[in-house]
Amino acid sequence: MATTLWCVNRCAYCSFRSDAPIMMPLEECERIGRAAIGEGAIEALIMTGEGIDRHRGLRGQLAEWGFGSYAAYIAEICRRYLDMGLLPHTNIGTLEEWELELLQPYNVSMGMMVETVSPEATHIAHRAAPTKAPELRLASLEAAGRLGIAFTTGILIGIGEKPAERIEALEAIANLHARYGHIQEVILQPLNPQEGTPMARWMRPGDEEIAELIPEVRRLMPGVHVQVPPNLVDDLPSLLEAGADDIGGVAHEPDYINPDRPWPKVASLGPQLLRKNMTLRVRMPIYDEFIDAGWCPPAASAALGSQLARRGEIEAESMEVS
Ligand code: SF4
């Protein structure tokens, strides 16, 4: 769910952002949440453009609605989603510690891609993206660690970085994880060039470039899950055989960032994986081991308990069918 498409950044591969400073009112967010839960959704993924508070008009809109910051507004949306039984996972980019603190009580986990630490890739893809400076990204990731937020992050592959710089980005993530233990999964996301963007003629990296990074994540961060986006790769089963173990959320809504690459259908993906002796399993937006270790905020425990019970029912039904 995207509350606004406006963004302070202009990443050279982005077809998502809009110049229109329009923000979705709370009532509309609630309507979307109710529709999602009616369709059986578990997670409310909240993602938007970044640096919203830097826009004077949007700041004014937030103040009119009674919010002192965009983070406070998103926290209220998350609070309402929890009341409905949805599990919020907010990914609204680089955040300072006080913003993370506002969001933490109402999110079972949060996310933000580090994307790259390469100076050259930053110059090519993020020259006009002030919140994508690698040091700000890593500072945000560190603040999440200090606060004890279960966190999803990852790297973007193929935006001008050298192969060794991909490993450097993973090492930077691993260093923070070694200190705080808060990284639950690392996403290996290939660039998917979009028409109408400055990087439209770039190549989408092949699966082999993702495959060679999977053992690196395993080596640097044992126990951390590895996600490959199922709609951005050619041969998902092979990447799972290579050691990736997560395909992220297959949403009811389209992939806003990659509208040309629809999600796979779960009904066909399950049997396809079963033929390779792999089972598709429902997971929560906070991984089981983080639940067991007490990382879920207290305000989310009722919603989490209900969704875990639902998962148990789904798994029991599928066992009866098979
Ligand atoms: S990719 Fe994200 S941060 Fe970059 S311009 Fe698009 S919406 Fe903004």
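From the list Leu188, Leu136, Leu176, Leu141, which residue is touching a residue at least 24 places away in the same chain (Cβ under 8 Å), of a type outside the set (Lys, Arg) and not in a helix (DSSP H, G or I)?
Only one candidate qualifies: Leu188.
Taking Gly40 and the conditions (1) closer than 14 Å to Leu82 by Cα; (2) assigned to a loop (DSSP other than H, G, I, E, B); (3) not charged (D, E, K, R), which numbered condition does it fall short on, given that it satisfies the others?
Condition (1) is where Gly40 drops out.
Considering (1) surrounded by fewer than 21 Cβ atoms within 10 Å (Cβ to Cβ); (2) assigned to a helix (DSSP H, G or I); (3) touching a Ser or Thr at 6+ places or on another chain (Cβ under 8 Å); (4) in contact (Cβ under 8 Å) with a residue 40 or more places away in the chain, say which one Ile77 fails and leave the rest.
Every condition holds for Ile77 apart from (1).
Sort through Gly66, Gly57, Gly40 and tell me the only one that's within 20 Å of Ser306 (Cα to Cα) and away from the ligand (no atom under 16 Å from the Cβ).
The match here is Gly40.
Would you check which residues across segment 274-292 are surrounded by 15 or more Cβ atoms within 10 Å (Cβ to Cβ) and more than 22 Å from Gly223 (Cβ to Cβ) and list them?
Within segment 274-292, none qualify.
Considering only segment 201-214, I want to know if a residue exists there that is over 18 Å from Leu232 (Cα atoms), of a type in the set (Gly, Ala, Ser) and either in a loop (DSSP other than H, G, I, E, B) or at pLDDT below 95 (or both).
Checking segment 201-214: not a single residue is over 18 Å from Leu232 (Cα atoms), of a type in the set (Gly, Ala, Ser) and either in a loop (DSSP other than H, G, I, E, B) or at pLDDT below 95 (or both).
Could you list, in sequence order, all residues of segment 113-133 that are among the acidic types (Asp, Glu) and either more than 16 Å from the ligand (Cβ to nearest atom) or assigned to a helix (DSSP H, G or I) (or both)?
Residue satisfying the conditions is Glu120 alone.
Taking segment 90-107 as the region of interest, how many residues are in contact (Cβ under 8 Å) with a residue 60 or more places away in the chain and away from the ligand (no atom under 16 Å from the Cβ)?
Going through segment 90-107 one residue at a time, the tally reaches 4.
In segment 1-37, how many are more than 24 Å from Ser306 (Cα to Cα) and within 16 Å of the ligand (Cβ to nearest atom)?
Here the count works out to 23.
Limited to segment 43-54, what total is found for residues that are more than 16 Å from the ligand (Cβ to nearest atom) and out of contact with any helix residue (DSSP H, G or I) (no Cβ under 6 Å at 6 or more places or on another chain)?
1
The values are calculated or read from the model by the stated rules, or taken from the named source; none is laboratory data. A quick note: this is a predicted structure, and the numbers were derived from the prediction, not measured. Every residue, glycine as well, gets a Cβ built from its backbone with ideal geometry; the counts of neighbours run over all protein chains shown.
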